[in-house]
Amino acid sequence: TPHAPLILDIEGTQLCATDRQRLAHPLTGGLILFARNWVDRAQLAALCRDIKAVREDLLICVDHEGGRVQRFRSDGFTHLPPMRAFGELWLRDDKGRPGSGALKACNAASAAGYVLAAELRACGVDFSFTPVLDLDWGESGVIGDRAFARDARVTALLAKSLIHGLLRAGMANCGKHFPGHGFVKADSHTEIPVDRRSLKAILADDAAPYEWLNSTLSSVMPAHVIYPRVDSRPAGFSSTWLEDILRHRLGFGGAIFSDDLSMAGARLIDGREVGYTEAAVTALEAGCDMVLLCNQSVDGGAAVDELLDGLAEAQLKGGWQMREASELRRRALLPNGAAPDWDELMRSPDYQHALSLLP
């Protein structure tokens, strides 16, 4: 099986001829949808059908976490609470029943995962980049209420519960942003944050959920953060972080996505700015199975074509090796079971019950 590592995007609300060409490219493994690709459910379902008609195995992804990160919010989509709401529920015990809040919060998180995944799948979307495993240190504006809690143990158990809900609807999951984005103030979309803590401190706290969930997580997305006491490269370009620590030390066997290569921090490697192809090759060589290039299809998508051509050329010249294991991990993220019908889902007792449990 050839390895299809690129996750691209499209400009509009339907496929044009150029989109079809890019999606049919053997190096394309999927695409990520944004709010600009959304009009309503009927349009989204038609778009997803068109994408699958190009190639059945393309992975249709979206950032759909709840709170302020949720791409589809109208035409029947449930407004999911931010993950912090579950962390707050955890702390609210019934009178005389210590620990009851924790169990209620876990149950509610499972309900949220089910609602999130079932609604997306009913419209043809395969996969959401969730849950956030970053800890809420109170410092990071870009993470903030996207995090469950400050405590790594609470975070891991609530994330596991959310994942259980996703799984009930046949959807895989993605823990992010490894080994932790919650400690730094800077936003990696606009600059490259630096976390100066020791490896020991990070493993004891922020990275702990990745070890505790190593049999539960189907994929991981690393942070565009530099941890200079471990490696001078951002985590997503560092084989120390991805291979030595995540794979070997923490025992993770699933897929690794790069974060968006178009982000400001993404193409600064060893102090110099590199092009999209070099960034992608570096991420793949460091241990990523897939790389994302987002928001570059607008204005004609020169960067998308540059990356498709550049990666094809790098492969021919031996700049990177296709890995069968990476392709198997990518395919393992495709959903399990038939997607629900939207109207039937709305009427189903399971779905109604799950809605009633949301905080």
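Hey, among the residues in the range 30-69 that are surrounded by fewer than 23 Cβ atoms within 10 Å (Cβ to Cβ) and of a type in the set (Gly, Ala, Ser), which one's nearest to Ala159 (Cα to Cα)?
Once the filter is applied, the top-ranked residue is Gly67.
Hey, can you tell me all the residues within the range 311-335 that are part of a loop (DSSP other than H, G, I, E, B) and at pLDDT 95 or above? Give the steps one after another, and end with the answer.
So in the range 311-335, the residues part of a loop (DSSP other than H, G, I, E, B) come out as 317-323, 332-335.
Across the range 311-335, the qualifying residues are Ala332, Leu333, Leu334, Pro335.
Which of the residues spanning the range 106-126 are part of a helix (DSSP H, G or I), in contact (Cβ under 8 Å) with a residue 60 or more places away in the chain and touching a strand residue (DSSP E or B) at 6+ places or on another chain (Cβ under 8 Å)?
Selection gives Ala112 alone.
With respect to Val281, is the statement that it is of a type in the set (A, V, I, L, M, F, W, C), under 25 Å from Leu246 (Cα atoms), assigned to a strand (DSSP E or B) and touching a residue at least 12 places away in the same chain (Cβ under 8 Å) true?
Details: of a type in the set (A, V, I, L, M, F, W, C): yes; under 25 Å from Leu246 (Cα atoms): yes; assigned to a strand (DSSP E or B): no; touching a residue at least 12 places away in the same chain (Cβ under 8 Å): yes.
Answer is no for this residue.
Quickly run through the range 129-169 and pick out the residues that are in a helix (DSSP H, G or I) and small (Gly, Ala, Ser). Give the steps one after another, and end with the answer.
Start the filter on the range 129-169 by keeping residues that are in a helix (DSSP H, G or I), which leaves 144-146, 152-168.
Residues satisfying the conditions are Gly144, Ala152, Ala156, Ala159, Ser161, Gly165.
If you go through the range 282-289 one residue at a time, do you hit one that is out of contact with any helix residue (DSSP H, G or I) (no Cβ under 6 Å at 6 or more places or on another chain), surrounded by 18 or more Cβ atoms within 10 Å (Cβ to Cβ) and within 22 Å of Phe178 (Cα to Cα)?
yes
Listed here are the residues, each with its yes/no results for (1) among the charged types (D, E, K, R); (2) free of Cβ contacts under 8 Å to residues at least 24 places away in the same chain; (3) surrounded by 19 or more Cβ atoms within 10 Å (Cβ to Cβ).
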position: Ser198; (1), (2), (3): no, no, no
position: Asp205; (1), (2), (3): yes, no, yes
position: Ala208; (1), (2), (3): no, no, yes
position: Leu217; (1), (2), (3): no, no, yes
position: Pro234; (1), (2), (3): no, no, yes
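The values are calculated or read from the model by the stated rules, or taken from the named source; none is laboratory data. None of these values were measured; they are calculated from a predicted model. All Cβ positions, even for glycine, are placed from backbone atoms using ideal geometry, and neighbour counts span all protein chains on display.
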